[in-house]
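Encoded as structure tokens, the structure appears first; notes follow it.
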Amino acid sequence: MSNSILPIIEERWSPRAFSSKSISKEDLNLLFKAAGKAASCFNEQPWRFVYAGKEDTENFDRLVSCLTEFNQVWAKNAAVLVATLAKKNFEQTGEPNKHSWHDVGLAMGNMSLQAMSMDIYLHHMAGYESEKAIEKLDIPTDFEPVSFVAIGHLGDKEQLPNDLKEKESPKSPRKDLDEITFVGKMGK
């Protein structure tokens, strides 16, 4: 029995510097299949993905335009951009699915680890304009945007603006266990 976490989890990080190398359709489909294997409440699988590769200029630019200016600066260099969506209500009952964002997160966790196993990197982004994404990506009213994701092969951090070069590190700090775990109750 091992006393360490899996190396692929230890090595996972979110770069902003991407190379110009494209992602094949087969590799991209494998990433989406990994996402689709995630657990979800009542097996609803509430995740949906709107994506475009850089070679699909019109659709790629549409996705880029939904990002905040800060994210546009570097994300435009990724091979693929993805908008992650969550279905708002349960199929079976029509009731609100308060777990759908969590389930999308599980799907993206699967995708992140699958990508790392393939030497592909993901950078998840909260910096996007929700209303713009809904309009530009024709998102139906029963879905809502959760995040955007840049996907690509690792690039040279020298291509980034100076303020981002400093942040480009595979070893970002993590909170200690005593900051994130509580036995029985969270209060002091």
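For this structure, a couple of remarks:
- Calculated FRET value between Ile180 and Phe70, using beta carbons and R₀ = 30 Å, to 0.05: 0.65
- With contacts taken as Cα pairs under 8 Å and at least 6 residues apart, the chain reaches a relative contact order of 32 percent.
- Segment 103-188 shape via C-alpha gyration tensor axes, a/c threshold 1.5: oblate
- Residues whose amide H lies under 5 Å from that of Tyr128, counting only those 5 or more places away or on a different chain, are Thr68; hydrogens are built 1.01 Å from N in the peptide plane.
- Dividing the summed -39500 (n - 2.57) terms of all DSSP H runs of n ≥ 4 by the residue count of the chain sets its mean residue ellipticity at 222 nm at -9500 deg cm²/dmol.
- Sum of side-chain charges, Ile120 neighbourhood, beta-carbon under 13 Å (Lys, Arg +1; Asp, Glu -1): -2
- Number of Lys-Lys pairs in segment 13-156 with C-alpha atoms under 14 Å apart and a separation of 8 or more places or on different chains: 7.
- Accessible surface of segment 69-188, 1.4 Å probe, proportion on carbon and sulfur as whole %: 51
- Under 5 Å from the amide H of Ala52 lie the amide H atoms of Leu81, each residue being 5 or more positions distant or on a separate chain, with H modelled from the backbone and absent for Pro and chain starts.
- Around Glu44: net Lys/Arg minus Asp/Glu count, Cβ-Cβ under 10 Å: -1
- FRET efficiency for the pair Ile5 and Thr57, taken as 1/(1 + (r/R0)^6) with r the Cβ-Cβ distance and R0 = 41 Å, rounds to 0.55.
- Accessible area (Å², per residue) of the chain, counting only protein heavy atoms and a probe of 1.4 Å: 61
The values are calculated or read from the model by the stated rules, or taken from the named source; none is laboratory data. Just so you know, these numbers come straight off a predicted model, no measurement behind them. Note: ideal-geometry Cβ built from the backbone for every residue, glycine included; neighbour counts use all protein chains shown. When the accessible area is computed, the model is the full protein with side chains, heavy atoms only, and any ligands, DNA or RNA have been set aside. Shrake-Rupley method; radii C 1.70, N 1.55, O 1.52, S 1.80 Å.
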